[in-house]
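Data block below; observations after.
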Amino acid sequence: MSRRAPAAAPDSHGHASTRLRLLADISFALASSLDAEEALRRLSHRLVPQLADACVVDLVDGERIRRIAVTHRDPDRALRVMGPGLLPGPDDSADPLARVLRGAGPLALASPARAAEPGSLEAVQQDLYRILDAGPVLIVPMRARRQVLGALTLIRPPQAEPFDAEDQSLASDLGHRAGLALENAQLYAFQQNTAEQLQRSLLPDLSGLDWLPLAARYSPARERAEVGGDWYDAFPLPVGPTVLAIGDVIGHDLAAAVRMGQLRNMLRALAYDSGDTPAGVMRRLDRVMQGLTSIELVTAVIAQLQAPPAGPWTLTWTNAGHPPPLLTLPDGTAQLLEGGHAPILGLDPATPRTDAHIAVPPGATVLLYTDGLIERPGEDIGHGFTRLRQHAANLASAPLSVFCDELLDRLTTGYQDDVALLAFRVPHRAPVTPDSP
């Protein structure tokens, strides 16, 4: 006697596979950006229409709620309800969204229509449901470490099936993943801001050189929350020239930032006390660095700007393995100052170093910069120098602050490294000193 095959069960395998693919797709969306809001917008777009006809993403922002995304099958409806980003804060009302933000949920609503006090969060939600023609609604918290950071609201049309236990379980998992992604992004933003503030705190105050038009910029790498070794400095010597310097301590970590601070302070002391030329200061710095510190490798340019009693301004500089300074004349001519070049600091304190000199006319702009301004992965460095000369030439007559800001904007799109700039414009008159006639 033949045995009949059992009746086919509902195709749960295909259903489960679809949900697993959705989870994987959303996990990728959440992990693909360190911008929390952008990641949550991507999540919203992936949930519609896979799980609902509409998805709303709300974040707790202090005492208010910030609505960052409304996605709907009909984009026009989504635009109608997006409105201002800030909503009334989560209150102690019985409104489902307020309850979820206080720690309840997930909450499934069969019929969300109800009376509400004008101006309340509940009234805002009722308008949302009306414009989106809401039927079944599911609100799930975005939690991390038992703290509710926001909520996902999923909406189906009136004729649709309610959100069942499977839907609620899936949505809860998505809310948990979104909460973790949001927390990670917030921690990253905090670390990045802390690192940047530390880096900036180690850079000098240049306000003591009022007679010299001067501008400096520091722009941290956008793809990591690290401090680095980029630095700049400018200060007057007791008698004679003004010292201007820029450099890069190899490394991108807290130790590099600390070494950068040490090196800059040593440079100030050596230049101020010795009164030596840039090459002499660089030699002293190399010896002290290798004898008294753990600093390993450094690139740097040290320059001196001097106005003799008669004759033109003179720029004297030496270069330890660093990108060459750029001189831009008022007529738009731009040239790299490639003289005075020697190996980087940290290889051999006996390395011969020489000074280079050039007369610079009033109105000329001298730019010192770190390699993040010109280098691109996989590209010949010559292309970076060409871009720099071209853009600097176009900006020759721009105010110094505009000159620096525009160079950063034009040259650092998608850059991966920190960038430091120090630019000065040669004055038309020498500074007045107590000894001046």
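Here are a few things to note about the model shown:
- Surface composition of the chain: carbon plus sulfur atoms contribute 52% of the solvent-accessible area (1.4 Å probe, protein chains only, all chains present).
- Accessible area per residue for the stretch 70-146 is 51 Å², calculated with a 1.4 Å probe on protein heavy atoms, without ligands, DNA or RNA.
- Among PRO241, SER207, GLN390 - extreme Cα towards positive end, dipole of the chain, charges at beta-carbon: GLN390
- Ranked from largest to smallest solvent-accessible area, with a 1.4 Å probe on the protein heavy atoms, GLU63, GLU375, GLU338 come out as GLU63, GLU338, GLU375.
- Surface analysis of the stretch 280-437 yields an accessible area of 44 Å² per residue, using protein heavy atoms and a 1.4 Å probe.
- Over the chain, DSSP H runs of length four or greater, each weighted -39,500 (n - 2.57), average out per residue to a 222 nm ellipticity of -12000 deg cm²/dmol.
- Note that the stretch 338-347 has calculated 3J(HN,Hα) couplings of 9, x, x, 8, 8, x, 5, 6, x, 8 Hz, one per residue in order, obtained from phi through the Karplus relation 6.51 cos²θ - 1.76 cosθ + 1.60 (θ = phi - 60°); glycine and proline are x.
- Largest-first ordering by accessible area, 1.4 Å probe, given options ASP167, ASP25: ASP25, ASP167
- Rounded, prolate or oblate (a/c below 1.5 giving rounded, otherwise prolate when a/b exceeds b/c) for the stretch 339-417 by Cα gyration tensor: oblate
- Placing dummy labels 7 Å off each Cα toward the beta-carbon, the span from SER27 to LEU292 is 5.5 nm.
- A probe of 1.4 angstrom, applied to the heavy atoms of all protein chains, finds PHE385 with accessible area near 40 square angstrom.
- In sequence order, calculated HN-Hα J values of the stretch 49-64 (Karplus, 6.51, -1.76, 1.60; Hz; x Gly/Pro): x, 4, 10, 7, 7, 8, 9, 10, 10, 10, 10, 6, 10, x, 8, 10
- Only protein heavy atoms count here; on that basis, with a 1.4 Å probe, HIS72 has an accessible area of about 30 Å².
- Between ALA116 and GLU406, the simple label model (points 7 Å from Cα in the Cβ direction) yields a spacing of 5.0 nm.
- With all protein chains modelled, accessible area of TRP313 [1.4 Å, Å²]: 20
- Whole-Hz ³J(HN,Hα) from phi, Karplus 6.51 cos²θ - 1.76 cosθ + 1.60, for the stretch 215-220, glycine and proline x: 9, 9, 9, 10, 10, x
- Shown is the FRET efficiency for TYR272 and THR351, computed with R0 = 30 Å from the Cβ-Cβ distance and rounded to the nearest 0.05: 0.85.
- Here the chain is treated with +1 on each Lys and Arg Cβ and -1 on each Asp and Glu Cβ, and its dipole about the Cα centre works out to around 660 debye.
- When ARG156, ARG67 are compared by accessible area at a 1.4 angstrom probe, the order from most to least is ARG156, ARG67.
The values are calculated or read from the model by the stated rules, or taken from the named source; none is laboratory data. This structure is a prediction, so every number in the text was calculated from the model and none was measured. Neighbour counts run over all protein chains shown; Cβ positions are idealised from the backbone, glycine included. With ligands, DNA and RNA removed, areas are computed over all heavy atoms of the protein, side chains included. Shrake-Rupley method; radii C 1.70, N 1.55, O 1.52, S 1.80 Å.
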